[in-house]
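**Q** Structure in structure tokens, see below.
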Amino acid sequence: MDSHIKSPPTRRLSTGERENAIDRTIPLFPPAIEIDEHNYFDNNEPPEYLEDMICCAQEFVSFHENNRVVLVTSGGTTVPLENQTVRFIDNFSAGTRGATSAEYFLENGYAVIFLHRQFSLLPYSRHYSHSTNCFLDFMEENDGKVLVDPKYQQEMLSVLRKYQTAKDNNLLLLLPFTTINQYLHTLRALSVALQPLKSRALFYLAAAVSDFFVPLHRIPEHKIQSKAGGNKLVMNLDPVPKFLNRLVDKWAPGAMIISFKLETDSSILLSKAKQALERYSHQLVIGNLLQTRKREVVFVEPDAPVLWIRLTPEQEAAGVDIESLIIPAVVERHSAWIRESDNSV
Ligand code: 9Z3
């Protein structure tokens, strides 16, 4: 018997060649200079909570004045299309890289400022919060009491102990952002708060940061209305200034800075990572492909051959986090950075 269910026709999202959707012949947007920094920060207001965050960060930094402190950024930034935001553009990132890396930094003796997209994964709770199991699936009822299911006891106890050690020793400061504007203002303010630590400050910029945004003066107050007749919504986005060189030269002089480069096309990953290193003159770019980011990354650094860090198939099958390999390699480089800085004074 013929089925009455037909598969829908394959539809293309738009006409035209997909390959031409982005014109890669357009020259790179130049790194930001002082005037770009003024233009951006004077015209896009800071979040109202920023002063409170700065106080928390300053307290945290003075508490750890003799320790190493890493600022881990994590999760994607949003670009609101309306001031009272119903619609926004988002950057992909669950926050796995950032949250997992933060745990390994803590294990390696660092204090961690975790600047993360609100509601993305957090260190330690990530094991239970966004998993395919609901957190209630880790529990059971026993004699009118809620207990952890015995099959999760061992692992949960180990996670809980690490979490409590971090809390009891004031080693983890969680600071959220949602929009690209909140992220940029907070990043700049935190960089300044970290300056007293000099080379003991480490920046590990794993957040997925939007390249485009709508400047404050062009954001409509209310929800954009659709009009009769199926009008298109044409968006006009400005490039987000490339502040990484401002971070390196002005906001965090002396600190070690690591950025991530995300691509989906393996043929351009290395060249883009090298280009980023040359443009911003920082210490390390960690390249990764969206498709393979959980099993391989590449370190691109000045005056050294590129270094691929990969999980073996056995490690992958055993659920080893690639961050357990990345962070010791980063720590080794940070130690060298501190030694070199000490020798040069
Ligand atoms: C990354 O490349 C991160 O590793 C991921 C992590 C976002 C891929 P998940 O959170 O994913 O584990 O799901 N972050 C940097 C992405 C980024 O926006 N980099 C900019 C670029 O590629 C430079 S700042 O141009």
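The values are calculated or read from the model by the stated rules, or taken from the named source; none is laboratory data. The shown structure was predicted, so the numbers you read here are calculated from the model rather than taken from an experiment. We place every Cβ from the backbone using ideal geometry, glycine too, and count neighbours over all the protein chains shown. Areas reflect the complete protein model, heavy atoms only, side chains present, ligands, DNA and RNA absent. Shrake-Rupley method; radii C 1.70, N 1.55, O 1.52, S 1.80 Å.
**Q** In whole percent, how big is the carbon plus sulfur part of the accessible area of the stretch 105-232, probe 1.4 Å, protein atoms only?
**A** 54 percent
**Q** Based on the mean of other beta carbon atoms within 10 Å per residue, what is the order of 210-219, 251-260, 321-330, most packed first?
**A** With the highest mean Cβ count within 10 Å placed first, the list reads 251-260, 321-330, 210-219.
**Q** Under a 1.4 Å probe, what is the accessible area of the chain per residue, stated in Å²?
**A** 60 Å²
**Q** Carbon and sulfur together cover what percent of the accessible area of the stretch 268-332 at a 1.4 Å probe radius?
**A** 53 percent
**Q** When Lys and Arg each count +1 and Asp and Glu each count -1, what net charge do the other residues less than 12 Å away from Lys242, Cβ to Cβ, add up to? Walk me through the numbers on the way to the answer.
**A** On the way: positive: Arg246, Arg279; negative: Asp36, Glu37, Asp211.
Summing Lys/Arg as +1 and Asp/Glu as -1 gives -1.
**Q** Here's another thing I want to ask about it. Once label points are set 7 Å from the Cα along Cα→Cβ at both Asn142 and His38, what is their separation, rounded to one decimal in nm?
**A** In this crude label model, Asn142 to His38 measures out at 6.6 nm.
**Q** With labels modelled as points extended 7 Å from the Cα through the Cβ direction, what inter-label distance (nm, one decimal) is found for Asn170 paired with Glu65?
**A** 1.2 nm
**Q** On a full-extension model of 0.36 nm per residue, what is the gain between Asn236 and Asn83, subtracting their alpha-carbon distance, rounded to one decimal in nm? Present the calculation step by step, with values, prior to reporting the outcome.
**A** Details: separation 153, 0.36 × 153 = 55.08 nm, distance 1.54 nm.
So the chain would gain 53.5 nm between Asn236 and Asn83.
**Q** Can I ask one more? Given the convex hull over the Cα atoms of the chain, what projected area results after averaging over all orientations, in nm²?
**A** That works out to 26.2 nm², a quarter of the Cα hull's surface.
**Q** Moving to a separate point now. Given C-alpha coordinates of the stretch 88-205, what is the ratio Rg to Rh with the Kirkwood estimate of Rh? Present the calculation step by step, with values, prior to reporting the outcome.
**A** Working: Rg = 16.9 Å, Rh = 16.3 Å.
Expressed as Rg/Rh, it is 1.04.
**Q** With n ≥ 4 as the cut-off for DSSP H runs, can you work out [θ] at 222 nm for the chain, using -39500 (n - 2.57) per run divided by the number of residues, rounded to the nearest 500?
**A** On the way: 9 runs with 115 residues, N = 345.
Computed ellipticity for the chain at 222 nm equals -10500 deg cm²/dmol.
**Q** Expressed as a whole percent, how much of the Cα-Cα distance distribution for the stretch 196-278 exceeds 14 Å?
**A** 76 percent
**Q** Sticking with this one: Just to be sure I understand: with springs between alpha-carbon atoms less than 10 Å apart, which residue in His185, His116, His222 has the highest mean-square fluctuation in the Gaussian network model of the chain?
**A** With Cα springs under 10 Å in the chain, the top fluctuation among His185, His116, His222 is at His222.
**Q** What Rg and what Dmax come out for the stretch 219-345 when only alpha-carbon atoms are used, in angstroms?
**A** 20.1, 69
**Q** Using the Kyte-Doolittle scale, which helices in the chain average at least -1.0 and also have C-alpha atoms spread 18 Å or more along the helix axis, with helices defined as whole DSSP H runs?
**A** Those that pass (Cα extent of 18 Å or more, hydropathy at least -1.0) are 50-63, 180-194, 266-280, 323-343.
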